[in-house]
Amino acid sequence: MKPMKVAVIGSGQIATSRHIPAYTRSKQAEIKYIVDPIIERAQAAAEQFGIPVATASLDDVLSDPEVTAVSVCTPNHTHAPVSIAALEAGKHVLCEKPAALTYDEALRMKEAADRTGNILNIGVVNRFNSAVNHVKQLIDAGELGKLYHVYCSFRAHRSIPGLGGPFTTKSMSGGGVLIDWGIHFLDLIFYCLGENTKALSVSGAVHGELGKQMENYAFTSMWAGPPNYEGTYDVEDFAAGMIRTSGPSLTFNGAWAQNIAESAMYVEFLGDKGGIKLEYGGDFTLYTSRGGMLLETAATFNKVDAFDEEIEAFLLSASGGVKNRANIDNTLTTSQVIDALYASSEQGKEIVL
């Protein structure tokens, strides 16, 4: 089979560091277009990766019958309109996370995918992570027994991204650390718990304190920077919450920035037979007991590049029209939960789903 012609829409960091290199390594794909409204950025990416066409016009891609699939790597507030337009133009779509600013927008994206019959995957890359899939296998096999609670932490010292820019402007991002980092953690948890686990209610609190006086914000790192002190900061830099499900309870806290000089990026799965601590993006440890002994097993295994796996799975799904684990059908719970957590914080009460 000839390689599938694809387009990458957006030439920011996620496109140039992840999507484009993964497509370039794939034998299933050939990138024909790189699209960015700032044409100089598109041209720079095209030159760097040898992409034939750099354009500022999305219509160039949507009107080209050669293009079968697209990656949407644009700012969050454009995910829904760009993805829906691509689906309606007959393209299969891999849209970076979050699917959209709100759960309602995500539902409209699903409706467009259902109506057109095209594949719509969301960039929930942890579903293709080797460690995450081994953890899921252990849970599915009953190695932890009754899973009664899951806790995750996604905290950093001082690392608000692009202060004053799209990441900290709610109308463009949908929120702060919860929708940016938390979505990865919550999605991998629901993936590991399985599709039969339903979210029942949520209670959340978010705070945007450290970045609101932008010029006084001292930081250790700032990806997507430098800061724009003339810009906007109206999102949260800290989030905490509890989620009741039909299975285990879930609690979390997360921070782009906190006045504790420690980072914590992990998920803990607690069962009556065993527990697992998964280091985000790393390895995991299994804790059990047997014959009066406490056992601790550090797992070792072959690892794959999760983004390569995500892209390969998308291309396979697009070529065969078969939905996979990253299809929007399988990721709506995370969008619904995050929406409800923001509502819970704003209203100061638990939200029943």
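Residue-wise test of (1) within 29 Å of PRO166 (Cβ to Cβ); (2) not charged (D, E, K, R).
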| position | (1), (2) |
| --- | --- |
| TYR233 | yes, yes |
| GLU262 | yes, no |
| GLU268 | no, no |
| ILE311 | yes, yes |
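When VAL6 is tested against (1) closer than 21 Å to ASP308 by Cα; (2) in a helix (DSSP H, G or I), exactly one condition is not met: (2).
Residues in the range 305-335 that are under 27 Å from LEU144 (Cβ atoms), surrounded by fewer than 19 Cβ atoms within 10 Å (Cβ to Cβ) and not small (Gly, Ala, Ser): GLU309, ASN324, ARG325, ASP329, LEU332.
Among the residues here, LEU200 qualifies as open to solvent by 40 Å² or more (accessible area, probe 1.4 Å), touching a residue at least 40 places away in the same chain (Cβ under 8 Å) and assigned to a strand (DSSP E or B). Residue count for the range 259-281, restricted to those that are open to solvent by less than 20 Å² (accessible area, probe 1.4 Å) and over 16 Å from ILE139 (Cβ atoms): 1.
Applying the set (1) open to solvent by 20 Å² or more (accessible area, probe 1.4 Å); (2) under 23 Å from LEU193 (Cβ atoms) to ASN302 leaves exactly one unmet item: (2). In contact (Cβ under 8 Å) with a residue 24 or more places away in the chain, open to solvent by less than 60 Å² (accessible area, probe 1.4 Å), aliphatic (A, V, I, L, M) and part of a loop (DSSP other than H, G, I, E, B), is that true of ILE51? Against the criterion (in contact (Cβ under 8 Å) with a residue 24 or more places away in the chain, open to solvent by less than 60 Å² (accessible area, probe 1.4 Å), aliphatic (A, V, I, L, M) and part of a loop (DSSP other than H, G, I, E, B)), ILE51 qualifies.
So for the range 130-142 (the condition being over 25 Å from SER246 (Cβ atoms) and touching a Lys or Arg at 6+ places or on another chain (Cβ under 9 Å)), does at least one residue qualify? Yes, there is a match, as at least one residue in the range 130-142 is over 25 Å from SER246 (Cβ atoms) and touching a Lys or Arg at 6+ places or on another chain (Cβ under 9 Å).
In this entry, LYS277 is excluded by the filter for residues that are touching a Ser or Thr at 6+ places or on another chain (Cβ under 7 Å) and within 30 Å of TYR103 (Cβ to Cβ). A residue that is more than 21 Å from ALA100 (Cα to Cα), modelled with pLDDT of 95 or more, open to solvent by 30 Å² or more (accessible area, probe 1.4 Å) and assigned to a loop (DSSP other than H, G, I, E, B) cannot be found anywhere in the range 159-174. Residues being part of a strand (DSSP E or B), open to solvent by less than 10 Å² (accessible area, probe 1.4 Å) and either closer than 27 Å to ASN324 by Cα or of a type in the set (Ser, Thr, Tyr) (or both) are entirely absent from the range 136-147.
The values are calculated or read from the model by the stated rules, or taken from the named source; none is laboratory data. Please read these numbers as outputs of a predicted model, since none were measured by experiment. In this analysis, Cβ positions are derived from the backbone assuming ideal geometry, glycine residues included, and neighbour counts consider all displayed protein chains. Surface accessibility is based on the protein's heavy atoms, side chains included, excluding ligands, DNA and RNA. Shrake-Rupley method; radii C 1.70, N 1.55, O 1.52, S 1.80 Å.
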